[in-house]
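Below is one structure, written out as structure tokens, with a few remarks after it.
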Amino acid sequence: MPAIARLRFLVAKTARKLFSMLPQKSRHNVYRSFVDCREPNKRLVLKIAETQEELEACFKLLHDAYVSSGFMTPDPSGMRVTIYHALPTTTTLCAKFDDQVVGTLSLIRESAIGFPLQRIFDLTDVREKEGQIAEVSALAVHPRFRRTGGTILFPLMKFMYEYCTTFFDTRHLVIAVNPRHIEMYESLLFFKRLTANTVENYDFVNGAPAVGATLDLKHAPEVMRKAYSSKPPNRNLHRYFVETKLPNIQIPHRRFFTTNDPVMTPRLIDYFFNKRTTVFADLSDRKKTLLHLIYDLPEYKKVLPAQPGGGAARQVRQHQRFSVKCPAKLANSNPLAVSAIPVEVNEVSRYGFRARVAQQIPADVWLNATVQLGLNEVSRLTVQVVQETEMNDQHYCGFRIGEPDLVWRKFVTALYEGHTHQDLDQATRFLT
């Protein structure tokens, strides 16, 4: 190592050691003093990665970042692709500068396969609270932009926040990060550690140590507002995340009030998980079976790994590919009866739905339901309560539909027959 480089290394090492000796509050204040969240360059675009080219660029950027950090050994494909990227409940975000992918992260919603970090961290306390959970994973920024004051990282984080709170129906974020990065998440975004201990060997990142943390997005805005109230606009992350509108962000178009944006067609799945990598071939028998339950359409069966023992997965969909968040009202057929009862539909099937309710619903009568499936899509149904459950102090009812109307059949058929979130825009073509 040249003398100048060795000197710089020693200076940086000494500075990190001195910094670590400061009280935690002082360290966090120092982190917040480095925030620079001014409006990004117009050449930056933030969007969902949905084409083969965008996804491949994200996976290559992630691969190079993980290899350089020692979080994985080089893969012959030059990409870091995991089973979680194949799931319809995972969304990969990307930042593109002059049409080149320069930043990426993935949001992994709960599925039958779970979360990567649940291998080593207990999520019981988070699961007991109201709201959906998503793991923030696969974060990488191009080396060209890593030392430029967060010019890519902060816009990408804002996109993540806006997408989770507005479109992904997510309340709790969870992360597993290297110990040397955890204080950035604690000081800037106010993540709370899942445990006081550091896991010394996390196999998902090549045995590197990891710290788990969580953020409640319902309470985060108020916590951030207080912490950044005295900061100027370009250093106020609360203002940036909650109040600022960035024209750089391309929010996905949604005809219906769905909460996932799957992009993996059978062709893309075959390309990334069979042809370019050995992800499917290396799966356990259990995960191969779960994949067949999640993707139970004939087009997907052709590209999924063979079923263990030559068996066949049950053809009943056990895990909805699309969750929903649709406002609805229930009313008695008698117009002089009590006023309409508001409910929130969050899971649908061809002949029924599950809804969160705030009051008792009579189980022995047929009710008129008006369900807002999208901005311009309203379904009017006759329904009856068939099941009641309690989850995380929330009351849910399962409803049977007497006769689905055309709008409902068009919507649900597209959910079952479509491949990606864009298929919902042409929902009528799935009707027979």
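Quick notes on this one:
- Members of the range 65-94 found to be in contact (Cβ under 8 Å) with a residue 60 or more places away in the chain, of a type outside the set (S, T, N, Q) and assigned to a helix (DSSP H, G or I), listed by number: Ala65, Tyr66, Ile83, His85, Ala86
- Residues within the range 268-284 that are touching a helix residue (DSSP H, G or I) at 6+ places or on another chain (Cβ under 8 Å) and surrounded by fewer than 16 Cβ atoms within 10 Å (Cβ to Cβ), tallied: 1
- Taken together, the residues in the range 410-422 that are outside any loop (DSSP other than H, G, I, E, B) and surrounded by fewer than 20 Cβ atoms within 10 Å (Cβ to Cβ) amount to 4.
- If you go through the range 298-344 and pick out every residue that is of a type in the set (A, V, I, L, M, F, W, C) and at pLDDT 85 or above, you end up with 11.
- Identity of the residue in the range 95-124, assigned to a helix (DSSP H, G or I) and in contact with a helix residue (DSSP H, G or I) (Cβ under 8 Å, 6 or more places away or on another chain), that ends up most open to solvent (accessible area, probe 1.4 Å): Arg119
- Residues in the range 358-396 that are at pLDDT below 95, of a type in the set (A, V, I, L, M, F, W, C) and within 30 Å of the chain's Cα centre (by Cα): Ala358, Leu375, Met391.
- Screening Val30 with (1) farther than 29 Å from Val242 by Cα; (2) among the β-branched types (Val, Ile, Thr); (3) surrounded by fewer than 20 Cβ atoms within 10 Å (Cβ to Cβ) gives one miss only, at (1).
- Strands (runs of 3 or more DSSP E) fully within the range 147-230 counting 3 or more residues that are of a type outside the set (A, V, I, L, M, F, W, C) and open to solvent by less than 40 Å² (accessible area, probe 1.4 Å): 208-216
- The residues in the range 377-409 that are in a loop (DSSP other than H, G, I, E, B) and either at positive phi or in contact (Cβ under 8 Å) with a residue 60 or more places away in the chain (or both) can be counted, and the count is 2.
- Taking the range 235-250 as the range and being open to solvent by 30 Å² or more (accessible area, probe 1.4 Å), touching a helix residue (DSSP H, G or I) at 6+ places or on another chain (Cβ under 9 Å) and part of a helix (DSSP H, G or I) as the test, the residues that pass are Arg235, Arg239, Val242.
- Taking the numbered list (1) under 28 Å from Lys96 (Cα atoms); (2) touching a residue at least 24 places away in the same chain (Cβ under 8 Å); (3) not hydrophobic (A, V, I, L, M, F, W, C) in turn, Pro232 passes all entries but (2).
The values are calculated or read from the model by the stated rules, or taken from the named source; none is laboratory data. Since the model is a prediction, treat every value here as computed from it, not as a measurement. No Cβ is skipped: glycine too gets one built from the backbone with ideal geometry, and neighbour counts run over all protein chains shown. Side chains included, ligands, DNA and RNA excluded: accessible areas come from the protein's heavy atoms. Shrake-Rupley method; radii C 1.70, N 1.55, O 1.52, S 1.80 Å.
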